[in-house]
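S.K.: Structure incoming, see below.
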Amino acid sequence: MDFPKRSKIKPLKTPDEESIDRFAPHNCMFYIVPPQNDVSLKDFEELAIERLKLLRILEQAGLKYPKILSDEWKEHIINELNLEGLKYFVRLIKGNGNTDQDKQSRRRDYLSHFILRFAYCRSEELRRWFMAREMELFRFKFSALSSSEIKDFIEIYEMGYRPINDEQKNEIRQELQNMVTGSVDNVDFYKVNFLSVLDLVRQRKCFLKGGYAYVSSMDFSSIIGGHHQKFIEKGLMSHLKLLPEFENDERIVGIIKGLHTSYVGKDYTVNKEADIPIESLNQLSLKSYPLCMRMCHDSLRTTHHLKHGGRIQYGLFLKGIGVTLEDSLRFWREEFTKNIEPDKFDKTYAYGIRYNYGKEGSRTNWSPYSCMKVINTAPNPQDIHGCPFKLWDTIELRSKLTTYGLNAMAVQDVVSYASKGHFQLACGRYFEAVHETKLDEGITHPNAYFEYSQIIMGNRLAKEKSTPTSQQSNFNNRKQVQMNKQQEFKRKMDARIKEEHDFDEELWKLSQHEEELLTQWKARQDATQTEISQIASMDWNDDNENVEDMSQIANYL
């Protein structure tokens, strides 16, 4: 199930906003009581898609920057949220506020969380994924709170934690000082049972004394996060019990049932920028095809047949990369008619190809399968489609990758990721090994894989990531102008500093020369005084010698 991107975020029109304000009084919140508000079906779907985009961004950030809450991790998430038009989530992860915009952001956050619970409460795997992303979001929001905002949060939810007083702090001041970079007077510390912060004990981020752990406010998210995780776990199980009653509404079921497999990125339904000739598919499959599509292509070329699931998966991919309907019909006909008569192909298989292009049946212009759709496909053993990183065992995957020319280290990396269930990460590593380059973005769609490959190979021009609103574009333009001004100012200042440095150096050289001249002059003066003293002490009895000596003095002077 694929959804189009929204171009604008509009305020929610809820009849009972006060109830949400009561349950969501803080930008960083616990989702305890489900909202009782009426939400239109359109808002319901929009909120679900927005939340899914947020969680997918968090997932991609974790794959790219494994260290959670690092500066690079935070910057990546904020940039992606701005690009997707989810600015109200950005507001939530920059501390607490109480403006109308903050309240509206909290409402959307609160409602979207509970909506997505229905989509992710169905299985243990889905619950685990949802839990991990929600905990990452909570830690991000909590890390942006100041000490006073953390106190407000604790008081709002009546958690009973109190920072230690100055007397307690002075008793262990040196130990606490070793935990923080600044002064301990500017940081609040909490005394808790050490069993509730075993992760901090393991990382040596707290001070232990008498069975208690002293935790700074910066690391207090470990304690609060434990409570938050328990609330979400109970909430997901409660939603699971309510799911049969909730699914009586077919309109809602159509939204949430396949939401976890939906793709919310770039739309590859129609490729208007490329016209791929079918004669080049063999060559393209060697490098620009992801493994799932190369598997289908190789099987089709070898057996001259693909079952229904494989035809849909591979056929939509070909459509997305730019193969026209006419060329697609010719491509499939040439392969299939090596085993069957042309008339049978036209009667049995041509309809399905035209159907993919929206020319038959409901005339829907179907989208190519995303990575999540391919991964969650469950083919029969005799079918050739789905995700090979998930379907192939370690021996088969290692053999195929070696046959495709990957070196031993790359093969080991890909197999390792696949064996741990990180199928998209394995696909990204496969891409890097095939193209001998570093992949800046994660692989979320087979057609995105093809597009990245063509850009690297020089067959397509890379496009700058477009911003969703003109306001964001104007902001970026102003930011660029400001950066240019700063760079010009820095250049002028550097030139001025260099000029002053050169002038100072010249003055220093002149002063050194003057000191040398002065030393020489003083030495000459001293020598003169010495000679005069010697002449003055001579014997003046001999008139001839005196006259000669006086002449020498006169000549000297």
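S.K.: Report the residue count in the range 164-182 for those that are modelled with pLDDT of 85 or more and either open to solvent by less than 50 Å² (accessible area, probe 1.4 Å) or in a helix (DSSP H, G or I) (or both).
M.R.: Residues meeting the conditions: 13.
S.K.: Restricting to the range 429-440, what's the tally of residues that are open to solvent by 10 Å² or more (accessible area, probe 1.4 Å) and in a helix (DSSP H, G or I)?
M.R.: Residues flagged as open to solvent by 10 Å² or more (accessible area, probe 1.4 Å) and in a helix (DSSP H, G or I) within the range 429-440 amount to 5.
S.K.: Could I ask something else about it? For the range 54-107, how many residues are assigned to a helix (DSSP H, G or I), among the charged types (D, E, K, R) and either under 30 Å from residue 423 (Cβ atoms) or open to solvent by less than 50 Å² (accessible area, probe 1.4 Å) (or both)?
M.R.: Result for the range 54-107: 11.
S.K.: Of everything in the range 454-467, what is under 22 Å from residue 80 (Cβ atoms), part of a helix (DSSP H, G or I) and either at pLDDT below 80 or open to solvent by less than 60 Å² (accessible area, probe 1.4 Å) (or both)? Give them in sequence order.
M.R.: Result: 455, single match.
S.K.: May I ask you to list the residues in the range 40-53 that are surrounded by 18 or more Cβ atoms within 10 Å (Cβ to Cβ) and of a type in the set (D, E, K, R)?
M.R.: Result: 43, 45, 46, 50, 51, 53.
S.K.: From the residues in the range 329-352 that are among the hydroxyl-bearing types (Ser, Thr, Tyr) and outside any helix (DSSP H, G or I), which one is surrounded by the fewest Cβ atoms within 10 Å (Cβ to Cβ)?
M.R.: Looking at residues that are among the hydroxyl-bearing types (Ser, Thr, Tyr) and outside any helix (DSSP H, G or I), I get 337.
S.K.: Moving on. Within the bounds of the range 180-199, is there any residue that is farther than 21 Å from residue 142 by Cβ and either touching a residue at least 40 places away in the same chain (Cβ under 8 Å) or of a type in the set (Asp, Glu) (or both)?
M.R.: yes
S.K.: Write out, first by first residue and then by second, each pair whose Cβ atoms fall under 8 Å of each other, whose residues are 6+ apart or on separate chains, and whose first residue, in the range 109-133, is touching a residue at least 12 places away in the same chain (Cβ under 8 Å) and within 12 Å of residue 47 (Cβ to Cβ) while the second is of a type in the set (Gly, Ala, Ser) and surrounded by 21 or more Cβ atoms within 10 Å (Cβ to Cβ).
M.R.: The qualifying pairs are 109/24; 110/24; 112/48; 115/48; 116/48; 119/48.
S.K.: Are any residues in the range 278-296 under 20 Å from residue 444 (Cα atoms) and open to solvent by less than 10 Å² (accessible area, probe 1.4 Å), and if so, which ones?
M.R.: Selection gives 285, 288, 289, 290, 291, 293, 296.
The values are calculated or read from the model by the stated rules, or taken from the named source; none is laboratory data. None of the values given here were measured: they were computed from a predicted structure. As a convention, Cβ positions derive from the backbone with ideal geometry for all residues, glycine included, and neighbour counts pool all protein chains shown. Heavy atoms of the whole protein, side chains included, go into the accessibility calculation; ligands, DNA and RNA do not. Shrake-Rupley method; radii C 1.70, N 1.55, O 1.52, S 1.80 Å.
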